Amino acid sequence: ILNVEQSPQSLHVQEGDSTNFTCSFPSSNFYALHWYRWETAKSPEALFVMTLNGDEKKKGRISATLNTKEGYSYLYIKGSQPEDSATYLCARNTGNQFYFGTGTSLTVIP
Amino acid sequence: NAGVTQTPKFQVLKTGQSMTLQCAQDMNHEYMSWYRQDPGMGLRLIHYSVGAGITDQGEVPNGYNVSRSTTEDFPLRLLSAAPSQTSVYFCASSISTGVAYYGYTFGSGTRLTVV
């Protein structure tokens with residue numbers, strides 16, 4: 001994998017459903033993996049910074065895991081709510097530079 | 001605490017014109033950067049700075065200049081605008097030169113159209 005890849009590109013779920021997205025990245029020269037939440041007409045906001053293989057982070061109903069050896073991170077949302085509708089970005093850091101994926105657009109249907 | 005402030009929010013330029021996108025932060029962040037957002041592509045780093053007087057190129061630096069004379073300000077200059085520079089530009093800052101370990105604070109973006 002040369003770039004940061006996110007899947008799926010978009011996702012529609014019913015309110016109350018749990019969901020997850022994937023971020024895949026080159027495992028070489030890895031410093032950190034960031035997750036951001038980007039609501040329409042707003043700026044991206046940091047969710048998690050993950051650095052160690054096996055890291056697990058949690059913020060409310062949102063959690064993330066990291067596997068640096070195989071180059072992937074999962075973001076989980078438990079019991080999705082309409083206010084979770086946003087684009088979720090991941091970014092790989094290689095020192096002073098970040099490489100962003102194109103994001104997963106989540107729509108939660110009430 | 002204003003965070004990261006970008007001006008202007010919208011701008012239309014003619015090909016060949018020059019302009020400066022302003023970015024200021026009041027959080028005493030060492031690290032500042034400029035990204036562009038284009039349809040179907042992830043945010044791409046244009047230039048970044050790890051402190052006053054220190055700048056470096058990112059992934060897509062051509063056509064853009066930056067300087068960092070103070071900790072607070074990091075302007076992005078387009079010397080001769082081209083239609084390929086039509087994009088949404090974001091300024092982002094981080095607390096430390098160890099930026100890998102801290103999240104970004106983003107500005108609200110500047111939507112630039114070059115005709």
Viscosity 0.890 mPa s, 25 °C: Kirkwood-radius Stokes-Einstein D of the protein assembly as shown over Cα pairs, µm²/s: 136
Extreme residue, positive dipole direction of the protein assembly as shown, given options A:Q14, B:V115, B:A52 (C-beta unit charges): B:V115
Separation in nanometres of the label points that stand 7 Å from Cα toward Cβ, at A:S18 and B:D73: 5.1
Square roots of five times the Cα gyration tensor eigenvalues for chain B, Å: 23, 14, 13
Sites B:T20 and A:A41, calculated FRET efficiency, Cβ-Cβ separation with R0 25 Å, nearest 0.05: 0.55
GluC sites (Glu not before Pro) restricted to region A:22-102 and DSSP loop, no more than 13 other C-beta within 10 Å: A:E39, A:E70
Taking all pairs of distinct alpha-carbon atoms in chain A, Kirkwood radius in angstrom: 13.9
Low-density loop positions, trypsin sites (Lys or Arg not before Pro), region B:8-107 - DSSP coil, at most 10 other Cβ in 10 Å: B:K9, B:K14
Contour minus Cα-Cα distance for B:T86 and B:V12 (0.36 nm per residue): 25.7 nm
Antiparallel DSSP beta bridges within the protein assembly as shown, percent to nearest 5: 90
Calculated from backbone phi, Karplus (6.51, -1.76, 1.60) coupling profile of region B:3-17 in Hz, x at Gly/Pro: x, 10, 10, 10, 9, x, 7, 9, 7, 10, 10, 8, 3, x, 6
Charge dipole magnitude, Cβ of K and R +1, D and E -1 - region B:19-75, Cα centre, debye nearest 20: 160
Lysines whose Cα lies under 16 Å from that of B:K9, excluding same-chain neighbours fewer than 8 positions away: A:K42
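Readers should treat all values here as calculations from the given coordinates under stated rules, not as data from a laboratory. Since the structure is predicted, the reported quantities are computational estimates derived from the model, not experimental observations. Neighbour counts run over all protein chains shown; Cβ positions are idealised from the backbone, glycine included.
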